[in-house]
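Working notes, beginning with the structure itself.
Quick note: the coordinates plus some simple rules give every number you see, no bench work behind them. Keep in mind that what you see is a predicted model, and the values were worked out from it rather than measured. Please note: Cβ atoms are built from the backbone with ideal geometry, for glycine as well, and neighbour counts cover all protein chains shown.
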Amino acid sequence: MLIPAWRARAGCGMTRERGRVGATLRCVVPTLTYPALMATVGREVVHTVVDGVTVEVRRSAKRRRTVSAYRQEGRLVVLVPARMSRAEEGEWVRTMVARVAASEQRRQRSDGDLEQRALELSREHLGGRAVPASVRWVSNQNSRWGSCTPAEGSIRLSDKLRGMPGWVVDYVLLHELAHLLQPGHGPDFWELLGGYPRLERARGYLQGVSAAAGLDLSDE
């Protein structure tokens, strides 16, 4: 999310540091009034979905003028000062969601990274039996997160996955790897995926993103 010009003029700055899980983004908060964007759900913690991203907002009395955000178990945690109004909170949440997404996109995997990760997942969960001939990002998949052609050994992942948590991308990769061994979605296919520890969480994450964004995307 872009920082509006009036916020930049107020002296907002941001530093990036390592923290908890992944990168932590931090901004200095000026004293301004913002339009209300969120409803109050709780006094100290607010849960919401912004642009398809599950967000947990935590208020801290110790935090004075900074806003930080980091990934934790598939959700984005945003830390804000307790004195901040709900309107300010809503504005900053949207700002940090966009900034984290932009940061993750800069670190996104290349086609080569995907192919290497596919081989690692095959060894970890499929005994190394699934060996793709190619793995690449594509931009023309509008109804599936991933697809494969078993006869060619090729795997394609939708570029809509870019910026999503690594364990979600791993699930889609593993799903398509399993198709190299089992073309359909019968019991034998799902048994191949049974050892992936975040199977149901990843499927739920993708379903949530699809529903929140109004997309008709499936992992089947």
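Compactness of region 123-220, taken as the C-alpha radius of gyration over 2.2 N^0.38 Å, stands at 1.01. At full extension, R83 and Q207 could sit 41.1 nm farther apart than now, given 0.36 nm per residue minus the alpha carbon distance.
By the count of other C-beta atoms within 10 Å, a proxy for reagent exposure, R64, R117, R58 are ordered fewest to most as R64, R58, R117. Residues L193, L177 in ascending order of nearby Cβ atoms (within 10 Å, fewest first): L193, L177. In this simple spin-label model, placing a label point 7 Å from the Cα along the Cα-to-Cβ direction at both R129 and E44 gives a separation of 5.0 nm. Extending 7 Å from Cα along the Cβ direction at S110 and again at R75 yields two label points whose distance is 3.6 nm.
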